[in-house]
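Comments concern the structure below.
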Amino acid sequence: MSKDMIREEKNGLIIIRPANYICDEKDCSICGFALRDMQDVQEHSMHGCCTDCSLYFRQPNIKKWDKGWRPSRKEIDSIINNRETGDSNVKQ
């Protein structure tokens, strides 16, 4: 086996991968939801968040975002996770 390859065994499976392999993120760094599609993956790669977080948080606050600002957990929950207000589309 090449020196550039790593062989490891997990749960009875042998996994062979390049030594310099880096696994892409699968969840948004901001809201924690899974990246849904290629657009989310690209947005996360370029800006560190999914498309929804980019639309709600990054784009309206682009200058602050570029300086390191990120929304609080409370902001994320109220807008993305919709925990405080509930789902406005559900009739009660």
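Quick note: the coordinates plus some simple rules give every number you see, no bench work behind them. Bear in mind that the values here come from a model prediction, so they are computed numbers and not experimental data. Here Cβ is always computed from backbone atoms with ideal geometry, including for glycine, and neighbour counts include all displayed protein chains.
Which longest uninterrupted range of the chain lacks any trypsin sites (Lys or Arg not before Pro) assigned by DSSP to a loop state (not H, G, I, E or B) and surrounded by at most 10 other Cβ atoms within 10 Å? Spell out each step's value before the answer.
Numbers: sites that count: 3, 26, 67, 91.
Looking at the chain, 27-66 is the longest stretch - no exposed trypsin sites (Lys or Arg not before Pro) with at most 10 other Cβ atoms within 10 Å.
Pull up all non-local amide H partners of residue 27: gap of 5 or more, or a different chain, and H-to-H distance under 5 Å with H placed in the peptide plane.
Long-range HN contacts for residue 27: 35.
Going toward the positive end of the dipole of the chain, with +1 on Lys and Arg Cβ and -1 on Asp and Glu Cβ, which of 31, 19, 41 do you reach last?
31
Fewest Cβ neighbours within 10 Å first, please rank 22, 16, 30, 79 accordingly.
On the way: 22 5, 16 10, 30 23, 79 18.
Exposure proxy ranking, most exposed first: 22, 16, 79, 30.
Which residue, 68, 32, 48, has the most motion in a Gaussian network model of the chain that connects Cα atoms within less than 10 Å?
Its mean-square fluctuation being the largest, the pick is 68.
Efficiency by 1/(1 + (r/R0)^6): what FRET value for residue 55 and residue 14, r their Cβ-Cβ distance, R0 = 30 Å, to the nearest 0.05?
Numbers: r = 42 Å, r/R0 = 1.41.
E(calc), rounded to 0.05, equals 0.10.
At a 10 Å Cβ-Cβ cut-off, how would you order 57, 33, fewest neighbours first?
On the way: 57 22, 33 15.
Lowest count first: 33, 57.
Per residue of region 15-26, what does 6.51 cos²θ - 1.76 cosθ + 1.60 with θ = phi - 60° give for ³J(HN,Hα)? Whole Hz please, x for Gly and Pro, Karplus curve as stated.
In residue order, the calculated couplings are 10, 10, 9, x, 4, 9, 5, 10, 6, 5, 4, 10 Hz.
Between 0 and 90 degrees, rounded to the nearest ten: what's the tilt of helix 38-47 against the longest Cα principal axis of the chain?
Tilt relative to the chain: about 80 degrees.
Please find, in a Gaussian network model of the chain (springs between Cα atoms separated by less than 10 Å), the residue of 72, 29, 54 whose mean-square fluctuation is greatest.
Sorting by GNM fluctuation, first place goes to 72.
Taking the chain as a Gaussian network, Cα atoms linked when under 10 Å apart, which of 18, 60, 71 shows the biggest mean-square fluctuation?
The residue that fluctuates most here is 18.
Magnitude of the Cβ-charge dipole of the chain, K/R +1 and D/E -1, about the Cα centre, nearest 20 debye?
Values: 15 positive and 15 negative charges, 54 e Å.
In debye, rounded to 20, the chain gives about 260.
Considering just Cα atoms, how many Å³ per residue does the convex hull of the chain enclose?
On the way: hull volume 15.3 nm³, N = 92.
It is 167 Å³ per residue.
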